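For reference, the structure is listed below as structure tokens.
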Amino acid sequence: MTNIYFDNSATTKIFPEVIQSMVETMENYYGNPSSLHSLGTEANQLLQAARQQIADAFECEADEIYFTSGGTESNNWVLRGTATAKREFGRHIITTQVEHPSVQNTMNALEELGFEVTYLPVDKEGKISVKDLQAAIRPDTILVSVMAINNEVGAIQPIEAIGDLLNDYPKIHFHVDGVQSLGKFNPVLIHPRVDFLSLSAHKFNGPRGVGILYKKANRVLDPLLTGGGQEKQQRSSTENLAGIVATAKAIRLTLDRSVEENARHQKMMTMLRDFLSQQPACQIFSPVDAAPHILCFATKGVRGEVMVHALEEDGIYISTTSACSSRATGKNSTTLEAMHIDGKWAQNAVRVSLGTDNTISEMEEFLDILAKHLEHFERIQ
């Protein structure tokens, strides 16, 4: 049976070379990097080498790279760490209506603690207005948090323009959720004004359970986790050495392949977009200039989960919107709601997201199978 995996925004298949790095590290570097004996020293040297490799890829300093358990922790650390570190200077935070649940729900929690959050609206393409952001800034604003690429529709936020604006507000922390962005921007950190960038290894063919937080050297965050004092007293917990080494390799491989991969994904998404544009029963929600690996659409009268399971029977794996929230809540996409997509259409939304292994021939096969399902759904309605 066909086996086409088009759910790479949820998670990616780990590179074979990355698995090899993990296994070799677990077999040969089993000392705790904090231990003073030679096995600990060897482990720590490998840890710092991985940190330097990532810093080189990001064009930053090694002491600006911190390791976490994933994008959710990195996002939580920036939001909560900024709130507690800067609360004496202000309690106002700005974000958008289309953030990942790890940001949205943390903002809700901060509001319960007395912080005021401004949620910037988006246009029909899922993008914020920099003018709206500028109008929202107040003397007590301490943080602006905006995702680089929306995980549901692929909308690319104007990070460079935001960075230019925030150059005039040097005391405000600027955080970017870049979980979907590695390999899509050059340089990786997008703009010199970005103070914090969150990444998650399993989104770029690395292992699950490893995240990265770029933290600009002159920015202060209160720790989210306290304990043994790892990561320069900033993020306590024994380091996941094998996962970190594997993540460094996944970053290198992803960046090495990004130009060719983005071009192939763009061709594939153009094929899909052209096909859907010819289907009267379908609506496309992703903007034309979306990230090349994500496209969100809906079919009239066919709920998203029905389409997902229908395609699964033919060995094709796509998703509804965010994998982090759809199964847990069963609610419509908050992103599509913010884009003012009618609820009857939003409940039908599905997402196709491409990864390293996907090919033009897979898209051709997917379109043939999708066409048959659309014909079937039209007959039974």
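The values are calculated or read from the model by the stated rules, or taken from the named source; none is laboratory data. In this text, all values refer to a predicted model and were calculated from it rather than measured experimentally. We place every Cβ from the backbone using ideal geometry, glycine too, and count neighbours over all the protein chains shown. Calculation scope for accessible area: heavy atoms of the full protein, side chains included, ligands and nucleic acids excluded. Shrake-Rupley method; radii C 1.70, N 1.55, O 1.52, S 1.80 Å.
Laid out as a table, the results:
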read-out: Exposure of VAL306 as accessible area (Å², to 10), given a probe of 1.4 Å and all protein chains; value: 70
read-out: Two-site label geometry, PHE89 and ASN105: point separation in nm, points 7 Å out along Cα→Cβ; value: 2.9
read-out: Cα pair distances in the range 54-124, grouped into 5 Å bins until the bin that holds the longest one, percent each; value: 3, 14, 22, 21, 15, 14, 9, 2
read-out: Per-bin percent of Cα-Cα distances, the range 239-311 [5 Å]; value: 3, 13, 17, 16, 14, 11, 11, 9, 5, 2, 0
read-out: Pair LEU367, MET271: separation of 7 Å Cα→Cβ label points (nm); value: 0.7
read-out: Degrees, to the nearest 10: 38-58 long Cα axis against longest axis of the chain; value: 50
read-out: Anchor LYS86: aspartates and glutamates whose Cα lies under 13 Å away (excluding residues fewer than 8 positions away in-chain); value: ASP140, ASP222
read-out: Degrees, to the nearest 10: 101-112 long Cα axis against longest axis of the chain; value: 60
read-out: Cβ-placed point charges (K, R +1; D, E -1), dipole of the range 26-167 about Cα centre in debye, nearest 20; value: 380
read-out: All lysines inside 30 Å of LYS249 as judged from Cα atoms, apart from same-chain residues fewer than 8 positions distant; value: LYS13, LYS184, LYS203, LYS215, LYS216, LYS232, LYS267
read-out: Ellipsoid equivalent to the range 150-227 - semi-axes via the Cα gyration tensor, in Å; value: 21, 19, 10
read-out: The range 248-381 - Debye-derived log10 I(q)/I(0), Cα point model, q = 0.10, 0.17, 0.22 Å⁻¹; value: -0.34, -0.96, -1.45
read-out: Segment TYR30-GLN97, length gained on full extension (0.36 nm per residue, minus Cα span); value: 19.7 nm
read-out: Phi to ³J(HN,Hα) by Karplus 6.51 cos²θ - 1.76 cosθ + 1.60 over the range 223-228, Hz, x for Gly, Pro; value: x, 8, 10, 10, x, x
read-out: Folded to 0 to 90 degrees: helix 241-277 orientation relative to the chain principal axis, Cα; value: 20
read-out: Cα pair count fraction exceeding 13 Å, expressed as % - the range 182-233; value: 68
read-out: Segment THR238-ASP123, extension gain: residue separation times 0.36 nm, minus the distance between their alpha carbons; value: 37.1 nm
read-out: Quarter of Cα convex hull surface for the range 173-310, i.e. mean projection, nm²; value: 11.3
read-out: If the convex hull is drawn through the Cα atoms of the range 51-179, its volume per residue in Å³; value: 117
read-out: Percentage of interatomic Cα-Cα distances in the chain larger than 25 Å; value: 56
